[in-house]
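Here's the structure we're looking at; comments come further down.
The values are calculated or read from the model by the stated rules, or taken from the named source; none is laboratory data. Remember, predicted model here, so these are calculated numbers, not experimental data. No Cβ is skipped: glycine too gets one built from the backbone with ideal geometry, and neighbour counts run over all protein chains shown. Ligands, DNA and RNA are stripped out before the accessible areas are found, and what is left, the full protein with its side chains, is counted by its heavy atoms. Shrake-Rupley method; radii C 1.70, N 1.55, O 1.52, S 1.80 Å.
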Amino acid sequence: MMSKGVLVDVTRCIGCRSCMVACKTWNDLPPKKTTFSNTWDSPGKIDADTWTVVNYYIIEEDGQVKWRFVKKQCMHCNEPACESACFTHSFVKTKEGAVIYKPTVLNQDYCVGCRYCMIACPFGVPAFQWEKAFPYVQKCKFCYERLQEGMKPACVTACPTGTLKFGDREELLAEARERIDSNPNYYKKIYGEKEYGGTSWLYISDVPFEKIGFKEDVSQKSIPSYTWDVLKWTPYIFFGWGAVLTALRAYTKRRAEVHNEEELYAPVEKD
Amino acid sequence: MQNGKKWRFKMTPFRLLLIVLVLIAAAAAIYRFVYGLGAVTNLSDEWPWGLWIGFDLFCGIALAGGGFSTALIVHVLHKDKYLPIVRAALLTSLIGYVIALVSLFLDIGRWFNFWRPFFYWGYHSVLFEVFWCIALYTTVQVLEFGDIFFERVNCPSLKKLLGVFMTPLLIIGIVLPTLHQSSLGSLYIVAVDKLNPLWWSMIIPFFFVWSAFFLGPAMVTIEGTLAARAYNREPETDLYSSLTKVTMWMMIIYFIVKMGDLAYRGVFSTAFNGSYESNMFLIEMIVFVLLPIVMYATPSIQNKLSGVLTASILVVAGVVFNRMNVVFTGMAKSVGGSYFPSIWEWLITIGMWSALVLVYCFVVENFPILPKEEPVSHGKPFGTGFHA
Amino acid sequence: MTNSFPDYQNSDVFLIIGANPAENHPMAMRHMGMAKAKRGAKIICADPRFTKSAAKADLYAPIRPGTDIAFLLGLMNYAIQNNLYHHEYVVNYTNASYLINPEYALKDGVFTGLAEKGDKFSYDNQSWQYQKNGDSVKKDPTLQDPNCVFQILKKHVARYDIKTVSKITGTPEDIYQKVCELYCSTGKPGKAGNLVYAMGITQHTYGAQNVRSVAMLQLLLGNIGIPGGGVNAQRGESNVQGSTDLAMLYHLLPGYLPMPNAAKHSNLKDYLEKETPASGYWKNKPKFFISLLKAFYGDYATSANDFCFDWMPKHTGGDHSHMAFFEAMYEGKIKGFIAWGQNPAVGGPAAALERKALENLDWLVGIDLFETETVSFWKRPGVNPADIKTEVFLLPAAFSYEKEGTVANSSRWIQWRWKAVEPPKDAKSDLWIADRLMKAIRKEYQSGGKFPEPIMKMLWNYDIEGHEEPDIVKIANEMNGYVVSDGTVLNSFGKLKDDGSTACGIWIYTGYMYVDPELKVPACKRRSTEDQSGLGLFPNWSFSWPLNRRIVYNRCSADPSGKPWDPQRALVTWDGAKWINNDVPDFGYKSGDQPIPPQVSAATPFIMTVEGLGRVYAPVGLKDGPLPEHYEPVESPVQNIMSKQQNNPLAAKFKGDFAKLAQTSSPDFPYVGTTHRLIEHYQSGAVTRNCPNLTELMPEMFCEISPDLASKLGINPGDDVIVSSARTEIKCKACVLPIIKPLKVNGSIVEIVGLPWHWGYQSLAPGSTANELTPYVGDPNTRIPEYKAFLCNVRKA
Ligand SMILES: Nc1nc2c(c(=O)[nH]1)N[C@H]1C(S)=C(S)[C@@H](COP(=O)(O)OP(=O)(O)OC[C@H]3O[C@@H](n4cnc5c(=O)[nH]c(N)nc54)[C@H](O)[C@@H]3O)O[C@H]1N2
Ligand SMILES: Nc1nc2c(c(=O)[nH]1)N[C@H]1C(S)=C(S)[C@@H](COP(=O)(O)OP(=O)(O)OC[C@H]3O[C@@H](n4cnc5c(=O)[nH]c(N)nc54)[C@H](O)[C@@H]3O)O[C@H]1N2
Ligand code: SF4
Ligand code: SF4
Ligand code: SF4
Ligand code: SF4
Ligand code: SF4
Ligand SMILES: [Mo]
């Protein structure tokens, strides 16, 4: 199976939030009690029970108002920071493109709940069940079980406007490029094409991405590759540094003739 | 002080207070296990790591850096004049690590899975390295401490056996902390574009390990002085003065590398853009790096106990400040939301550090930790005022 | 809608006025998006608020609530002045060339024929009529005669130049100019302008005239009957199209047949003679009406007994619309009320009074899914249940997914829906309830009654052995129409007879239950997505009334010679010898096997009107004038600058406590209030406020004020505020966003306050009801309340 993706065309979104409701109902996520939000986008942010939100942005430029509605969820990175950060292999990027959390999706419970994945994710996606005694990390799973059945994700199915388009990532990229090339209104960038090494979910928009909650000039290198650049030195440091220390110790020991190892741990003299 | 079987622990009102604090923390910890982290902490999805990780773990481990730096100086470089303080440093380090582990255990949501990482080779994760190193190093420290322990708890054969392994243990005991002290920094390499570039760097592991190392002598200075006070002994000012020279030189290098790194990454100017982050960074650099360097470099200050102590306090506070900047200040803007530890988080932290003090007192009073009189003696006998 | 949602892909320019489809008709928005993507269509949105639809528009025109007539007449003026109207269309397909009685005039803002009786005004429309030469109307195809409709219209709209329109509406001149240019660009042949409207247009004391303006503009620009064009009302409740088709209105019978009137129609002959026009398709009315009587009364209906015409309920000309009904209830004249799938305690105007009116009932039956505000009025905040004597029953109803049947959408598509889940517990389908109710009433009548025949002898044979539910297919077939002798289900109302040999419950639906010969399912169950024309007609998806026609008046898509205005978007084409049809033709195109040449149908392309033409001037049909004229809403912050006639003289008003209104430019109520909907909630919120997934998204009642007003009043986002009107006051949250901005109206600043009306005291997420503030006035034709423009005030709570 080709790696799947979703193209989110912000110009088409009407903020109907059917995708949010579909996500909650399909995934049996409990709705929660919220209060008035001036921006109309309660609950406003992703959490353990809300895997996707549509955030509203009002952009006012010389009296002109623009109002944009932007669905947010896990980006399903090509090389996920969450996966690389997890020292128990609790996240995995599947061949379908979904990045899933194994304890809940596959029932493979290795997670220790350290939340380093949350620190690692550049999009602030993984969320924690803070109120549970035995909490899990939660996030959009790209409706993995639906993908396996050849179905679209629940949110994509629910979207009335064609804002969300599901398909092979490569084909979506081509379509996204074609859309932004053929229409001068688009901002000339496909968010997710290169960001952090690329993501399965791709965005196109008619306003700069930084105005709709995305960081723009971010690394094009994947986050795992950063850590790996450092981690790969570990064995060298271990043995190299160990050898240096051993050598030094031997060398200085001969110099400090009087040095007596015993003395170091000799009992403290009695009164 | 005898090799006798009687354990001693003297109650004082202060110690009683500490015990009460430990008990409160223990109760809060139980509550946390039953009702989840949300019930006792102010942690959130924006701030998955708070006081316990930011302070107890990051700073605890850093402050315990005294253990491996003195070990390096004494056992590898064989600067024997520092021998007397090596046990105290080892002890605080060990207790520091135990605290870090306890706080980790409190902090992880699925604590019952704590053993899993041993079996799932998440070698691509920095945390994997941190986890293994800390776990192993704590073991090594326990073994190292075993040497002392078996002095007190008479068992010469075991002590002998340990002695055989002492050299590799000592080496590993330096290599491991080198790795994980740096890895604690590497943990934040994933936070590229999240952690403010004043702190984020591909060589953040160097900064972490380097600062953990130069912190050692400063820490020893403080602990030594404190212990001397508490046990009414003469502080070893000379020793501190010469030991912290190491700190000074390392800090100079630290500062130069830091500036070079900022310049290399083209973010030097952001240090002066007046933002909250830049101001915190400037404080970190000026008050906690440059100032102590100057103090250490000024003989009139360096050779006085109060001088060297003040500078050392600045160094220690500076490392804490740095870790806090990395964990909190530098992340705040990108993650949004706000975090301030809840009363319970504070109480548990305070309880843990209280436990540290209590354990330290207990061990010092029962084990041969503090130096023999001779190498540092200024004439006062060791004994009389020992019981704090 | 004249057109359908999938047809939107054919539009070049949309004018969304007084509708917010992004919020209320998201599926319509999908098709607008497709038009944008496919053909670079442009969207104009005219709304007092910068709505989600405005956010998708290329051009947003802010407009003061209640000034759409000026806005639309100004567009017509621009089209005429700049010769941008579709001349050939106007000359041939509208009544523009008809000459009008020279006595017709507009003076001081009122038309000739206005008379006052008591405190009520009405028009005698004699002077509005066509000039006649015997039976035929006088015309001037050159459109030059000063009494011809075109010249009258031209003169009428000339008063609405851009400056004047801007002064009235508050729409800045430059923006309005752009709207004019862009929308009038669709006046060219081959261009399609789609006018999308809804409650922002209708809910006014001149709502019907607003709708007229919409239709007139579309006629002038040649936008009716063509793909991508149309007068497209985004309808409301999911089956409100069905319910109006089926006459959930007191003055109509199913299929828009007029309700017999006791004074006017003493017998069948009377009714048929008076109600059947001489020309236009309505001349078939007797066939439809008699078939309806057959459907009602079955074998009892014979030509000998006028097909039981006497059993028909008749109205007396009185006003029995919502407001009049509640006024009567308030006065104690109504003793029992079945609130069947409605929640007036939240949805009705001056809701606090309507709730109070309920207290006068002896009994109230609610048939609903939830315990609505209406059925719990007796324990609403501020009343003592012990003081209220009304006996209240609540019958639990099944939700739409818990039963099967059809729903007619705005595209006039009648689509069968299957049951998805069983209703919970005791809940029953409305059909079940209706059936049992009828049977129970019949049982009561067994022991005698005043006029038992219509009840006892009505055809009511829907039982199926061993089933609880009535036979819904049988009912559907009866609505569709069948041959009485053998029950054959008919495929066209053309086959209905006025001799009693056919029965039909609603003639416009005929064919919807006819089994498709290829797909082998009744038409309304078809789900074929084939679309040979590529125009989004989807002829084999369900059934579009009438006769599965997707775009009505489609003769107008081609010029008089039968050549499509736009060959790329051809609905019907005369190829010189015959018609080639993509859609079901809305005109006589063949007689037997013989094609009817285009000249014939070109004369009467609007087959439903007597003239056979589109009316850019309406001599009949509306009570309040043959042409729309700008009036201020009954409550307005400003004087009418067009004339000294401040309000629609015929506006429906009510007495006593219902007469509380703010005076013009009232200092106590300086802002214009308007109510609107949110996507997360449906109507009175009875369902959606009980749905935790939706209350999570939209938890609390609020009012929207402009950042300017907020800073003037020292109100911060999320503050509690009090919104008051001449009726009462409510408390809610303040929403401060630049989606509302003050308008400059004739030199002064007018602030607008937007209020969603979805909240009430019941449910998981209760909140204040906007309708407590709305005025009790309405349109003289439709009686729809003026929910969209009234005066209010806001202060910090
Ligand atoms: N989610 C959702 N969908 C719905 C409904 C619902 O309650 N919730 N209700 C359904 C029903 S029954 C109906 S009737 C339709 C109604 O659908 P709409 O008519 O679209 O609904 P509203 O939001 O009441 O009004 C539309 C717009 O008119 C604007 N407006 C107010 N006054 C004026 C005016 O004087 N002139 C102009 N030009 N605009 C004005 C308002 O600001 C608002 O944005 O929606 C249907 N769909
Ligand atoms: N201020 C203001 N007021 C308005 C409007 C406005 O724009 N502004 N709009 C007006 C308009 S356009 C409309 S259509 C009216 C609507 O006014 P209402 O029709 O009174 O309001 P709804 O909330 O649609 O009421 C429908 C009721 O039917 C119930 N129901 C749903 N499904 C079923 C079913 O299958 N069977 C049965 N028996 N019951 C069912 C629901 O629970 C609900 O209580 O409100 C009007 N009120
Ligand atoms: S967006 Fe975050 S959670 Fe999702 S795959 Fe990427 S790193 Fe993992
Ligand atoms: S919280 Fe669980 S999934 Fe996340 S990094 Fe830790 S062990 Fe892995
Ligand atoms: S892909 Fe599935 S899990 Fe992810 S946001 Fe959509 S519906 Fe939710
Ligand atoms: S369902 Fe589609 S249109 Fe609606 S909010 Fe989600 S992405 Fe936007
Ligand atoms: S009728 Fe149903 S599908 Fe259509 S727009 Fe309304 S909610 Fe959506
Ligand atoms: Mo409606």
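Can you confirm whether region B:192-215 contains a residue that is touching a Ser or Thr at 6+ places or on another chain (Cβ under 9 Å) and small (G, A, S)? Yes.
Exactly one residue among A:G97, A:G124 is more than 10 Å from every other protein chain (Cβ to nearest Cβ) and either part of a strand (DSSP E or B) or more than 8 Å from ligand 4 (Cβ to nearest atom) (or both), and that residue is A:G97.
None of B:S342, B:S338, B:S300 is within 14 Å of another protein chain (Cβ to nearest Cβ) and open to solvent by 50 Å² or more (accessible area, probe 1.4 Å) except B:S338.
Selection of region A:205-242 for residues being loosely packed, with under 15 Cβ neighbours inside 10 Å, within 9 Å of chain B (Cβ to nearest Cβ) and in a helix (DSSP H, G or I) yields A:D229, A:F239.
Test A:Y101 against the stated conditions and say whether it is modelled with pLDDT under 95 and more than 14 Å from ligand 6 (Cβ to nearest atom). Don't jump to the end; show me each part of the working.
Numbers: modelled with pLDDT under 95: no; more than 14 Å from ligand 6 (Cβ to nearest atom): yes.
It is false that A:Y101 is modelled with pLDDT under 95 and more than 14 Å from ligand 6 (Cβ to nearest atom).
Open to solvent by 10 Å² or more (accessible area, probe 1.4 Å), part of a helix (DSSP H, G or I) and within 16 Å of ligand 6 (Cβ to nearest atom): is that true of A:T161 in this structure? Please lay out each step first, then the result.
Details: open to solvent by 10 Å² or more (accessible area, probe 1.4 Å): yes; part of a helix (DSSP H, G or I): no; within 16 Å of ligand 6 (Cβ to nearest atom): yes.
For A:T161, the condition - open to solvent by 10 Å² or more (accessible area, probe 1.4 Å), part of a helix (DSSP H, G or I) and within 16 Å of ligand 6 (Cβ to nearest atom) - is not met.
For region B:255-366, the helices (runs of 4 or more DSSP H) that sit wholly inside it and include 2 or more residues that are over 21 Å from the mean Cα position of the chain (by Cα) and free of Cβ contacts under 8 Å to residues at least 40 places away in the same chain are B:276-285, B:291-297, B:299-302, B:305-324.
For region C:688-703, the set of residues classified as in contact with a Phe, Trp or Tyr (Cβ under 7 Å, 6 or more places away or on another chain) and of a type in the set (A, V, I, L, M, F, W, C) consists of C:M701, C:F702, listed by residue number. Filtering region B:198-207 for residues that are within 14 Å of chain A (Cβ to nearest Cβ), of a type in the set (S, T, N, Q) and surrounded by 24 or more Cβ atoms within 10 Å (Cβ to Cβ) leaves an empty set.
Every condition in (1) surrounded by fewer than 24 Cβ atoms within 10 Å (Cβ to Cβ); (2) more than 16 Å from ligand 2 (Cβ to nearest atom); (3) within 30 Å of C:N409 (Cβ to Cβ) holds for C:T244 except the one numbered (2).
Residue by residue, here is whether (1) within 13 Å of chain A (Cβ to nearest Cβ); (2) within 21 Å of the chain's Cα centre (by Cα); (3) without any contact (Cβ under 8 Å) to a residue 60 or more places away in the chain holds:
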{"position": "B:D147", "(1), (2), (3)": "yes, no, yes"}
{"position": "B:L169", "(1), (2), (3)": "yes, yes, yes"}
{"position": "B:G173", "(1), (2), (3)": "yes, yes, no"}
{"position": "B:L187", "(1), (2), (3)": "yes, yes, no"}
{"position": "B:Y231", "(1), (2), (3)": "yes, no, no"}
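Among the residues making up region A:128-141, a single one is facing chain B (nearest Cβ under 7 Å) and surrounded by 24 or more Cβ atoms within 10 Å (Cβ to Cβ): A:F128.
Listed by position, the helices (runs of 4 or more DSSP H) enclosed by region B:1-72 that each have at least 2 residues that are within 30 Å of B:P84 (Cβ to Cβ) and of a type outside the set (A, V, I, L, M, F, W, C) are B:65-71. Pairing residues of region A:70-96 that are in contact (Cβ under 8 Å) with a residue 40 or more places away in the chain with residues that are within 16 Å of ligand 1 (Cβ to nearest atom), at Cβ distances under 6 Å and at least 6 apart in sequence or on separate chains, gives A:K71/A:C19; A:K71/A:V54.
State the number of residues belonging to region A:21-50 that are touching a helix residue (DSSP H, G or I) at 6+ places or on another chain (Cβ under 7 Å), open to solvent by 20 Å² or more (accessible area, probe 1.4 Å) and more than 9 Å from chain C (Cβ to nearest Cβ). Selection size over region A:21-50: 1.
Among the strands (runs of 3 or more DSSP E) confined wholly to region C:1-102, which include 2 or more residues that are within 24 Å of C:N648 (Cβ to Cβ) and within 14 Å of another protein chain (Cβ to nearest Cβ)? Give the steps one after another, and end with the answer.
Numbers: elements: C:13-17, C:42-47, C:59-62.
The qualifying strands (runs of 3 or more DSSP E) are C:59-62.
The condition (being open to solvent by 10 Å² or more (accessible area, probe 1.4 Å) and within 14 Å of chain A (Cβ to nearest Cβ)) is satisfied by just one residue among C:K733, C:K712, C:K788: C:K733. Among what's in region C:1-52 and is polar (S, T, N, Q) and under 19 Å from C:T186 (Cβ atoms), pick the residue that is nearest to ligand 6 (Cβ to nearest atom). Selected residue: C:Q9. So C:L678 ticks every box in (1) surrounded by fewer than 22 Cβ atoms within 10 Å (Cβ to Cβ); (2) closer than 16 Å to A:S37 by Cβ; (3) more than 16 Å from ligand 7 (Cβ to nearest atom) but one. Which box is left unticked? Looking at each condition in turn, C:L678 falls short on (3). In region C:737-757 there is at least one residue matching the filter, namely being over 22 Å from C:I679 (Cβ atoms), away from ligand 3 (no atom under 16 Å from the Cβ), within 14 Å of another protein chain (Cβ to nearest Cβ) and over 30 Å from the mean Cα position of the chain (by Cα). Look at region A:1-19: where a residue is at positive phi and within 11 Å of chain C (Cβ to nearest Cβ) and a partner is at pLDDT 95 or above and away from ligand 3 (no atom under 16 Å from the Cβ), sitting 6+ places away or on another chain with Cβ atoms under 6 Å, you get A:G15/A:V54; A:G15/A:F69; A:G15/C:K52; A:R17/A:V54; A:R17/C:L697. Taking the conditions (1) assigned to a helix (DSSP H, G or I); (2) open to solvent by less than 80 Å² (accessible area, probe 1.4 Å) in turn, A:M151 satisfies each one other than (1). Taken over region C:718-749, the criterion of being closer than 24 Å to C:Y776 by Cβ and either in contact with a Gly (Cβ under 6 Å, 6 or more places away or on another chain) or charged (D, E, K, R) (or both) is satisfied by C:R727, C:E729, C:K731.
Suppose we keep only residues that are surrounded by fewer than 24 Cβ atoms within 10 Å (Cβ to Cβ) and under 10 Å from C:G536 (Cβ atoms) within region C:6-28. Which one would you say is nearest to ligand 8 (Cβ to nearest atom)? Filtering region C:6-28 for residues that are surrounded by fewer than 24 Cβ atoms within 10 Å (Cβ to Cβ) and under 10 Å from C:G536 (Cβ atoms), the one nearest to ligand 8 (Cβ to nearest atom) comes out as C:P6.
In region C:189-243, how many residues are within 16 Å of ligand 7 (Cβ to nearest atom), more than 24 Å from C:V90 (Cα to Cα) and more than 14 Å from chain A (Cβ to nearest Cβ)? Of the residues in that region, 11 qualify. Out of all the residues in region C:240-279, which are assigned to a loop (DSSP other than H, G, I, E, B) and among the small types (G, A, S)? Passing the criteria: C:A247, C:G255, C:A262, C:A263, C:S266, C:A278, C:S279.
Within region A:4-44, the residues that satisfy the criterion of being among the basic types (K, R) and either closer than 23 Å to C:N690 by Cβ or away from ligand 3 (no atom under 16 Å from the Cβ) (or both) are A:R12, A:R17, A:K24, A:K32, A:K33. The combined condition, being of a type in the set (V, I, T) and either open to solvent by less than 10 Å² (accessible area, probe 1.4 Å) or in contact with a Pro (Cβ under 6 Å, 6 or more places away or on another chain) (or both), is fulfilled by C:T205.
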